[in-house]
Amino acid sequence: MQTVLSAETSIAKEQGMNKVTAESGKIVFSQVDKIFAAPSKTGDRISALLDLNLAVKESEIVSIVGPTGCGKSTALNMVAGFDSPSNGSLLLDGSHIHKPGPDRAVVFQHAALFPWMNVFENVVFGVKSRGMDKEQYQAGAEKFIKAVGLSGFEKHYPYQISGGMQQRVQIARALISNPEVLLMDEPFGALDYQTRILMQQLLLELWAEFRPTILFITHDVSEAIYISDRVIVMGARPGRVKLEVDVTEPKPRSIDFLTTPSFTSLEHQILETVQQEITASRAGH
């Protein structure tokens, strides 16, 4: 059974009438705006986010979907500490985010591995650079390389393994720092369908074992529903919450969930909202 916020509640959140507080979650966006400078002296400034109110609870998996350019990645980059709000507040455990930190790890769409390093060296590069004890990072690498199913490939180089395996390396590299928050920006977008399903199942298995808070950005509505506790639909730029959908199917989930009436219903509701936003965006231009 799924729960969908009413249109009235969604509009209230969009207009900032239902404000979140620092006690609402591990990650809290409160009335966040993000405005980028004009690309030229004569151009208009770009409003990427407008009055974004969103709370992500500890150990929750929340996916954000929406039209291209709605500010999904902008929101994630601010949580990572790569950028900051123009207005409003963004809190992690009740404190403002000012810079990147080891409590947050980012997994990008492309693995971005060092081609001259093997799997083991890529996994430990970050924690080794930060001064982690050799015995500790060796034990951590063994643990997380095994967790992502790459035992036996420690000495392989990126060109010797598949795209899906490269993403597993990137996930192991993120997990070895024991982050409280895992930020994933379309991490499976470049993979074929079969590999993507396998990676989604792997992510749910890793979540069950390590329980990080996960903020997941994707264009794939089916993917968002399959892996998430909650799916957030962002409106066309400037981005703000248009719809929140709870996914109550217990985790971990089997692929059978993809064919259930509840999954199909959720998919229809989300796709309909995304399509409305795309149509509205085109009409505005």
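Restricting to segment 237-285, give me the number of residues that are assigned to a loop (DSSP other than H, G, I, E, B), touching a Lys or Arg at 6+ places or on another chain (Cβ under 9 Å) and modelled with pLDDT under 90.
Count: 1.
Considering only segment 80-136, state which residues are in a loop (DSSP other than H, G, I, E, B), more than 23 Å from residue 53 (Cβ to Cβ) and polar (S, T, N, Q).
If the condition is that a residue be in a loop (DSSP other than H, G, I, E, B), more than 23 Å from residue 53 (Cβ to Cβ) and polar (S, T, N, Q), then 109, 118 are the ones that fit.
From the residues in segment 250-285 that are touching a residue at least 24 places away in the same chain (Cβ under 8 Å) and of a type in the set (Lys, Arg), which one is farthest from residue 87 (Cα to Cα)?
This residue is 253.
Spot the failing condition for residue 159; the list is (1) surrounded by 12 or more Cβ atoms within 10 Å (Cβ to Cβ); (2) at pLDDT 95 or above, and only one is missed.
(1)
Taking the conditions exactly as written (at positive phi and either out of contact with any Lys or Arg (no Cβ under 6 Å at 6 or more places or on another chain) or polar (S, T, N, Q) (or both)), does residue 94 satisfy them or not?
Criteria met by residue 94.
Could you please give the count of residues in segment 201-249 that are among the hydroxyl-bearing types (Ser, Thr, Tyr) and either closer than 21 Å to residue 280 by Cα or free of Cβ contacts under 8 Å to residues at least 60 places away in the same chain (or both)?
3
Residues checked against (1) at pLDDT below 95; (2) over 23 Å from residue 168 (Cβ atoms):
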site: 58; (1), (2): no, yes
site: 67; (1), (2): yes, yes
site: 70; (1), (2): yes, yes
site: 73; (1), (2): yes, no
site: 76; (1), (2): no, no
site: 80; (1), (2): no, no
site: 92; (1), (2): no, yes
site: 128; (1), (2): yes, no
site: 131; (1), (2): yes, yes
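The values are calculated or read from the model by the stated rules, or taken from the named source; none is laboratory data. On a predicted model such as this, the values are computed, not experimentally measured, just so you know. Positions of Cβ are generated from backbone atoms using ideal geometry, with glycine treated the same way; all protein chains shown enter the neighbour counts.
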